[in-house]
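All remarks here apply to the structure that follows.
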Amino acid sequence: MERKTPLHDAHEAAGGRMVGFAGWHMPLTYGSELAEHRAVREDAGMFDVSHMAIVDFEGARAKDFLRKLYANDIARLSTPGAAQYGVMLNPEGGIKDDLISYFRGPERYRTVVNAGTRDADIAWMRKIAADFDVSVNERNDLAMIAVQGPKARERAAAVLPEALKGGALELKPFTASERGDWLVARTGYTGEDGWEIMLPADRAAAFWDNLVEVGIQPAGLAARDSLRLEAGLNLYGNDMDETTHPWESNLGWTVALDPTERDFIGRQAIEKARDASDKKRLVGLVLKDRGVIRHGQTVNTSAGEGIVTSGGFAPTLDRSIALARVPEAAASDPEATVSMRKRELPVAIVKPPFVRRGKIRVNLD
């Protein structure tokens with residue numbers, strides 16, 4: 001049976017087209033995917049992301065535990081509210097999940113993990129945490145709403161609890177402000193400015209209604225996917241999984257190999273993968289012809305074949321784009337083709353992101 005978020009009834013009342021996603025009943029769109037996409041790029045939109053898992057860690061050795069668990073080094077966070085993006089690896093160097101972690105104070109951390117991997121992630125975390133005497137607490141009592149867009153913070157601030165308003169507006173990217181069971185983080189998954197707001201589940205519906213009243217457009221999974229694709233952001237299960245390592249997923253920058261004595265899970269495997277002669281790279285593609293690039297299609301380059309990991313129509317660019325894993329030597333080629341319905345359509349190989357903060361970042365000529 002599909003799970004429901006605390007905002008499920010609000011989505012249905014607003015006419016959301018509900019679909020199954022990673023075991024959850026979620027809104028795909030409220031009527032117009034294009035309108036929802038543009039609201040985020042041009043003004044303010046919001047997403048229910050309560051299907052993602054909020055996990056709290058506490059214990060005297062919590063930092064040691066997370067330095068073992070994650071490829072990025074949590075010790076780099078020293079100010080309460082500081083956030084870090086990173087990956088969690090298996091012993092073979094494959095990506096178990098990508099996640100954002102927060103330093104909340106001495107011996108206290110929070111991580112947000114993907115919906116499709118939440119149960120496996122939490123089981124893995126608890127297994128590793130047992131050696132460090134660290135508690136792993138899945139916060140099912142919390143909901144999470146992402147408000148995104150150039151005017152999102154300005155609009156949402158008007159309905160935040162008074163204790164959070166001033167501090168939230170002063171947040172720098174990848175920092176958070178926390179008061180009681182509310183946490184506001186200047187993070188997101190759209191390529192636009194905004195907040196991800198964690199709050200008590202029993203207050204989520206009223207807060208959602210307040211956000212609607214100040215002009216923030218509800219948006220569904222479809223717009224969230226087209227926005228993250230334009231921003232060149234990976235989707236777990238498409239652009240990365242346990243068979244791919246950070247170096248071939250544009251995530252090498254999240255791996256902290258210094259200090260050399262930190263023995264995090266998967267370290268030896270990815271050090272070998274980094275230096276392999278046959279490794280691949282994740283690149284962007286822009287279709288030069290009519291059509292839509294889709295996941296799984298073959299990419300033909302001068303250095304050999306690759307595969308589309310994510311593809312679709314990009315409203316901001318008014319054409320189809322994709323992320324694709326290709327031989328490393330092909331990453332510097334200007335052109336390739338994609339096999340589509342027995343035709344070879346020309347594409348330009350580009351470096352993501354395609355769009356960031358409302359501006360097109362790639363050459364469309």
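Below, the figures for the structure above:
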quantity: Test for Val283: is it under 28 Å from Glu192 (Cα atoms), in a strand (DSSP E or B), touching a helix residue (DSSP H, G or I) at 6+ places or on another chain (Cβ under 6 Å) and among the β-branched types (Val, Ile, Thr); calculated: yes
quantity: Residue among Glu261, Glu230 that alone is surrounded by fewer than 17 Cβ atoms within 10 Å (Cβ to Cβ) and either of a type in the set (Asp, Glu) or farther than 28 Å from Thr337 by Cβ (or both); calculated: Glu261
quantity: Answer residue from region 258-276, given it is in a loop (DSSP other than H, G, I, E, B) and within 24 Å of the chain's Cα centre (by Cα) and is nearest to Asn72 (Cα to Cα) among those; calculated: Phe264
quantity: Residue in region 20-37 that is over 22 Å from the mean Cα position of the chain (by Cα) and either acidic (Asp, Glu) or crowded, with 20+ Cβ neighbours inside 10 Å (or both) present; calculated: no
quantity: Scope region 299-314; condition crowded, with 20+ Cβ neighbours inside 10 Å and either of a type in the set (Ser, Thr, Tyr) or touching a Cys at 6+ places or on another chain (Cβ under 8 Å) (or both); matching residues; calculated: Thr301, Thr309, Ser310
quantity: Test: residue in region 60-79 that is part of a strand (DSSP E or B), crowded, with 18+ Cβ neighbours inside 10 Å, in contact (Cβ under 8 Å) with a residue 12 or more places away in the chain and of a type in the set (Gly, Ala, Ser); calculated: no
quantity: Strands (runs of 3 or more DSSP E) wholly inside region 104-176 that include at least 2 residues being free of Cβ contacts under 8 Å to residues at least 24 places away in the same chain and either touching a helix residue (DSSP H, G or I) at 6+ places or on another chain (Cβ under 7 Å) or surrounded by fewer than 20 Cβ atoms within 10 Å (Cβ to Cβ) (or both); calculated: none
quantity: Among the candidates Gly188, Gly215, residue that is in contact (Cβ under 8 Å) with a residue 40 or more places away in the chain and either part of a helix (DSSP H, G or I) or crowded, with 19+ Cβ neighbours inside 10 Å (or both); calculated: Gly188
quantity: Subset of region 318-348 (residues that are within 27 Å of Glu42 (Cα to Cα) and either of a type in the set (A, V, I, L, M, F, W, C) or modelled with pLDDT under 95 (or both)); calculated: Ile321, Ala322, Leu323, Ala348
quantity: Failed condition for Arg224, given (1) surrounded by fewer than 21 Cβ atoms within 10 Å (Cβ to Cβ); (2) in contact with a strand residue (DSSP E or B) (Cβ under 7 Å, 6 or more places away or on another chain); (3) among the charged types (D, E, K, R); calculated: (1)
quantity: For Gly93: the one exception among (1) modelled with pLDDT of 95 or more; (2) closer than 30 Å to Arg267 by Cβ; (3) out of contact with any Gly (no Cβ under 7 Å at 6 or more places or on another chain); calculated: (3)
quantity: Candidates Gly358, Gly312, Gly291, filtered to the one that is closer than 18 Å to Asn234 by Cα and either polar (S, T, N, Q) or under 27 Å from the mean Cα position of the chain (by Cα) (or both); calculated: Gly312
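The values are calculated or read from the model by the stated rules, or taken from the named source; none is laboratory data. Just so it is clear, the model here is predicted, and its values are computed rather than measured. Every residue, glycine as well, gets a Cβ built from its backbone with ideal geometry; the counts of neighbours run over all protein chains shown.
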